[in-house]
Amino acid sequence: MPARGELEITHVTLPYLGRHDLHVEILGRGIAWFDAGTQQSLSDASQLVRIIEERQGLKIPCLEEVAYRMGFIDARAMLARAQRFEHSDYGDYLMHILLEDGYSR
C-alpha cells in the first residue's frame with residue numbers, strides 16, 4: 001500500500017491481469033474519468049454531474065434507468081420504483097422514462 005494509505009485502481013486490476021481475466025475497453029467520446037481524490041477533483045466531478053443533469057435532463061447515475069433499458073427490470077418493476085420515490089425529482093424522472101416509452105397509467 002502506498003505511503004498515503006490508499007490503493008490505486010491498478011492494485012485492483014493486477015489480480016485480474018495475473019489470471020489473464022482482464023478485459024480492457026477504450027473509453028469513447030463523451031466518457032469522462034475523474035479521480036475524486038482531492039477536494040478540487042471531487043468538486044469538478046460534482047459540477048459536471050450537476051451541469052449535465054440540469055442541461056440535458058438526465059440523472060447520473062440512475063441505476064433503475066440502466067436496469068430498465070437493459071431489460072433487467074420491466075415496466076411494472078420500474079413503476080414500483082417510481083412510486084417509491086413519488087413526490088421527488090427522482091420519482092418524476094423514473095415516471096417520465098416510462099411515459100416516454102409509451103407506458104400508460
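The values are calculated or read from the model by the stated rules, or taken from the named source; none is laboratory data. Computed from a predicted structure; not experimentally measured. In this analysis, Cβ positions are derived from the backbone assuming ideal geometry, glycine residues included, and neighbour counts consider all displayed protein chains.
Does residue 65 qualify as being touching a helix residue (DSSP H, G or I) at 6+ places or on another chain (Cβ under 9 Å) and modelled with pLDDT of 95 or more? Considered against the rule, which asks whether it is touching a helix residue (DSSP H, G or I) at 6+ places or on another chain (Cβ under 9 Å) and modelled with pLDDT of 95 or more, residue 65 comes out as yes. Quickly run through segment 8-40 and pick out the residues that are more than 21 Å from residue 61 (Cβ to Cβ), surrounded by 11 or more Cβ atoms within 10 Å (Cβ to Cβ) and among the acidic types (Asp, Glu). The answer is 8, and nothing else. In segment 90-101 there is no residue matching the filter, namely being over 15 Å from the mean Cα position of the chain (by Cα), of a type outside the set (D, E, K, R) and at positive phi. A search for C-beta distances below 6 Å between a residue of segment 88-105 that is under 21 Å from residue 70 (Cβ atoms) and any residue that is assigned to a loop (DSSP other than H, G, I, E, B) and not acidic (Asp, Glu), counting only pairs 6+ apart in sequence or on different chains, returns 91/85; 93/59.
Close contacts from segment 40-69, counting a first residue that is within 16 Å of residue 97 (Cα to Cα) and a second that is among the acidic types (Asp, Glu) and not in a helix (DSSP H, G or I), with Cβ to Cβ under 8 Å and a gap of 6+ residues or different chains, come to 68/74.
Selection of segment 1-40 for residues being among the small types (Gly, Ala, Ser) and either at pLDDT below 90 or not in a helix (DSSP H, G or I) (or both) yields 3, 5, 28, 30, 32, 36, 37. Provide a single number: the residues in segment 41-80 that are outside any helix (DSSP H, G or I) and closer than 13 Å to residue 94 by Cα. Number satisfying all stated conditions: 8.
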